[in-house]
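Q: My structure is below; once you've seen it, I'll send some questions.
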Amino acid sequence: MPGILIRRLATAIVGAAVFWAGATATAQAPAQPAKFETKKIADNVYVFRYQGHQSLFVVTPEGVIATDPIAYLRPEAATTYIAEIRKITQAPIKYLVYSHHHYDHIAGGKPFKEAGATVVAHRSAFTRLRDLNHPDVVLPDEIVDGTRVIELGGTRLELHYVGRNHSDNSLVMLLPKEKILFTVDFVPIASVNFRNMPDGYLPDWFGSLDRVLELDWTQMIPGHPYAGGRLGTKDDVRALKEYMTELSALVKAAADAGKCPNDAMKEIKLPKYEKWGNYEAYLPGNIERFCFYWSRGY
């Protein structure tokens, strides 16, 4: 009898150890983010996120307005995007709007075109894409110069060109009734600008931010899920402009002292923004971009 009890006790101890080991491993394992996700933002407005990119789409009784296919080097993103739309509506996809010409946002438009969508982009985006002739990028069918309004199924979507910033052809997309704005790449939320601000135009970028602030909106959907994926506000735009203004002044002083770019990239710090996304990784590149502007004029 004592032997049986000892064996039972040993079995229980081993079982408990296995249970707690498994529980600890589960607790310590990092949560894996979903590969894609669709969120409803307003009555007929949705955000489709695929890994680190996201797009806006609007559902109306007469059809769907989609933006940015976000399928560069991953064609499944575009087909998944359409499948997510089809979970909500069988209405035709009438429009596909490009935010700007960079491939990571607008490659993969073929399934949308095959579904009947008219592709819309800024005139300069059309020119660049025509000259680049990338096989995974569908050329725009309609061209925007300043402002274009799409009216569909009782929904109004305004496309505004707010000047040169992260590209020379960025369109922002405003739903005036819902007061929702979709901007891509040139207004990161609580994050420093990408690397050395490639294809970035200075000082035009500042004026572009001012024009975004002049538009009537309360929520901003960015092209990447910054700051934990939250939506942006006008305070986020003001904060970005303040960051860029402070950085520009510091870099100008460094350029005047002959420290651009290498010494400036090592010495300049902005501790006020050190909790922003990609502060350590991208601040040196941001400094380099302003260095080229202040020390070389480009």
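Q: Calculate, in whole percent, how much of the Cα-Cα pair population of the stretch 145-240 lies beyond 19 Å. Mind dumping the intermediate values first?
A: Values: 1716 of 4560 pairs.
Summing the P(r) of the stretch 145-240 above 19 Å gives 38 percent of all pairs.
Q: Angle check, please: helix 123-132 long axis (alpha carbons) against the longest principal axis of the chain (alpha carbons), in degrees 0 to 90, nearest 10.
A: So the inclination is approximately 70 degrees.
Q: Across 10 Å bins from 0, what is the distribution of all Cα-Cα pair distances for the stretch 176-298, in whole percents?
A: The calculated distribution, bin by bin, is 13, 44, 30, 10, 1, 0.
Q: Would you mind classifying the stretch 210-270 by shape? Square roots of the alpha carbon gyration tensor eigenvalues, ordered a ≥ b ≥ c; an a/c under 1.5 is rounded, otherwise it is prolate if a/b is larger than b/c and oblate if not. Mind showing how you got there, number by number?
A: On the way: a/c = 4.01, a/b = 2.19, b/c = 1.83.
Prolate shape, in that a/c is at least 1.5 and a/b is the bigger ratio.
Q: Further question on the same structure: For GLU246 paired with THR233, estimate the spin-label separation in nm (one decimal), with each label point 7 Å from Cα along the Cα-to-Cβ line.
A: 1.9
Q: Summing -39500 (n - 2.57) over the DSSP H runs of n ≥ 4 in the chain and dividing by its residue number, what mean residue ellipticity at 222 nm do you reach, to the nearest 500 deg cm²/dmol? Numbers along the way, then the final one.
A: Details: 9 runs with 117 residues, N = 298.
My calculation for the chain gives -12500 deg cm²/dmol from helical runs alone.
Q: Leaving out ligands and nucleic acids, note down the accessible area per residue over the stretch 54-205 with a 1.4 angstrom probe, in whole Å². Before the final figure, lay out the partial values.
A: Values: 5590 Å² over 152 residues.
Accessible area per residue: 37 Å².
Q: Next up: Direction-averaged shadow area of the convex hull around the Cα atoms of the stretch 52-156, nm²? Walk me through the numbers before you get to the answer.
A: On the way: hull surface 24.9 nm².
With the hull built on Cα positions only, its mean projection is 6.2 nm².
Q: Relative contact order (percent) for the chain, with alpha-carbon contacts under 8 angstrom and 6 or more residues of separation? Numbers along the way, then the final one.
A: Working: 526 pairs, mean separation 35.7, N = 298.
With pairs under 8 Å counted, the relative contact order is 12 percent.
Q: Let me ask another. Dimensions of the stretch 130-169 along principal axes (Cα, Å, largest first)?
A: 36, 24, 14
Q: Might you work out the accessible area of ARG86 for me, using a 1.4 Å probe with all protein chains in place, and round it to the nearest 10 Å²?
A: The value for ARG86 is about 70 Å².
Q: Oh, and also: Could you give the size of the charge dipole of the chain about its Cα centre, using +1 on the Cβ of each K and R and -1 on the Cβ of each D and E, expressed in debye and rounded to the nearest 20?
A: Working: 34 positive and 33 negative charges, 193 e Å.
Here the size comes out at about 920 debye.
Q: Figure the gain on full extension for GLN51 and THR147 (residue separation times 0.36 nm, minus the Cα-Cα span) and round it to one decimal in nm. Provide the component values of the computation, followed by the final result.
A: Numbers: separation 96, 0.36 × 96 = 34.56 nm, distance 3.06 nm.
Net length gain for the segment: 31.5 nm.
Q: Counting only protein heavy atoms, what percent of the accessible surface of the stretch 173-247 is carbon or sulfur at a 1.4 Å probe?
A: Result for the stretch 173-247: 52 percent of the exposed heavy-atom area is carbon or sulfur.
Q: Where the centre of each part is set by its Cα atoms, how far does the stretch 219-298 sit from the stretch 176-213, in angstrom?
A: Centre-to-centre distance over Cα atoms comes out at 13 Å.
Q: What is the extension gain from ALA34 to LEU132, computed as 0.36 nm multiplied by their sequence separation minus the C-alpha to C-alpha distance, in nm to one decimal? Each step should come with its number before you reach the end.
A: Numbers: separation 98, 0.36 × 98 = 35.28 nm, distance 3.30 nm.
In short, 32.0 nm is gained.
Q: Under the 0.36 nm per residue contour assumption, what length would be gained going from the current alpha-carbon distance of ASP263 and GLU114 to full extension? Walk me through the intermediate numbers first.
A: Values: separation 149, 0.36 × 149 = 53.64 nm, distance 5.21 nm.
So the chain would gain 48.4 nm between ASP263 and GLU114.
Q: Among bridges DSSP assigns within the stretch 139-240, what percent are antiparallel (round to 5)?
A: On the way: 14 of 18 bridges.
Within the stretch 139-240, antiparallel bridges account for around 80 percent of the total.
Q: Let me ask you something else. I need the fraction of alpha carbon pairs in the chain separated by more than 24 Å, rounded to a whole percent.
A: On the way: 25320 of 44253 pairs.
I get 57 percent for the Cα pairs in the chain exceeding 24 Å.
Q: Using +1 at the Cβ of each Lys and Arg and -1 at the Cβ of each Asp and Glu in the chain, identify which of PHE194, PRO176, ALA77 lies farthest towards the dipole's positive end.
A: Of PHE194, PRO176, ALA77, it is ALA77.
Q: Angle check, please: helix 279-296 long axis (alpha carbons) against the longest principal axis of the chain (alpha carbons), in degrees 0 to 90, nearest 10.
A: The angle comes out near 20 degrees.
Q: Quantify how much of the Cα-Cα distance distribution of the stretch 185-228 extends past 15 Å, in percent.
A: Working: 478 of 946 pairs.
Everything past 15 Å amounts to 51 percent.
Q: Further, regarding this structure: Roughly what would the spin-label model give for ARG86 and ALA42, points 7 Å off Cα along C-beta, in nm?
A: Using points 7 Å along Cα→Cβ, the separation is 2.8 nm.
The values are calculated or read from the model by the stated rules, or taken from the named source; none is laboratory data. Since this is a predicted model, take the numbers as computed values, not measurements. Note that we place each Cβ from the backbone using ideal geometry, even for glycine, and neighbour counts take in every protein chain shown. Calculation scope for accessible area: heavy atoms of the full protein, side chains included, ligands and nucleic acids excluded. Shrake-Rupley method; radii C 1.70, N 1.55, O 1.52, S 1.80 Å.
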